[in-house]
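In what follows, a structure is listed as structure tokens, so that the remarks can point back to it.
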Amino acid sequence: MAQLKANYETVMVFSMKNGEEGVNALVEKFNSLISENATITKVDTWGQRTLAYPIEDETVGYYVVMEFTSAPDFPAELDRIYKITDGVLRSLIVVKGDEKPVEEKAEEPAAPEAPEA
């Protein structure tokens, strides 16, 4: 039976308590973990950003967004590892749907109706 694959996107917010070296170690850890179990299609590092509200008394986090293709059982394992790893403030994994460009049609002006006689 063929193994199904799907496209996923994950957002990771890392704690800045351990400094840049700690963040880089976590980014490398998750980059290698995902590349071992999936095919990474895109990595977007947003860097250090101010959080909308404090999380565990921290006001700044380091954001990384990754897109990958994997079997459906890997994201659950990845989420489990996020939850038990110190230094991960928040994480999110979503399935990306088929994104097809939508053609926009210009609306044609409606022709005025003739009054009935």
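Excluding ligands, DNA and RNA, the accessible surface per residue across the range 1-90 is 61 Å² with a 1.4 Å probe. Annotation note: GluC sites (Glu not before Pro) in the range 42-86 located in DSSP loop regions with a Cβ neighbour count of at most 11 within 10 Å are E56. A straight chain from D79 to R49 at 0.36 nm per residue would run longer than the Cα-Cα distance by 8.6 nm. Remark: accessible surface ordering of D86, D44 (largest first) is D86, D44, probe radius 1.4 Å.
Counting only protein heavy atoms and using a 1.4 Å probe, the accessible area of M16 comes to about 40 Å². The apolar share of the surface of the range 46-99, taken as the fraction of accessible area on carbon and sulfur atoms (1.4 Å probe, ligands and nucleic acids excluded), comes to 50 percent.
Largest accessible area first, the listed residues L33, L78, L92 line up as L92, L33, L78 when surface is computed with a 1.4 Å probe on the assembled protein chains. N37 to V60: FRET efficiency via 1/(1 + (r/R0)^6), r the Cβ-Cβ distance, R0 25 Å, to the nearest 0.05? Once the sixth-power term is evaluated, E becomes 0.25.
The values are calculated or read from the model by the stated rules, or taken from the named source; none is laboratory data. Keep in mind it's a predicted model, so treat the numbers as computed, not measured. Counting neighbours? That spans all protein chains shown, and the Cβs are built from the backbone with ideal geometry, glycine included. Each accessible area value is taken on the protein alone, full model and side chains, heavy atoms only, with ligands, DNA and RNA left out. Shrake-Rupley method; radii C 1.70, N 1.55, O 1.52, S 1.80 Å.
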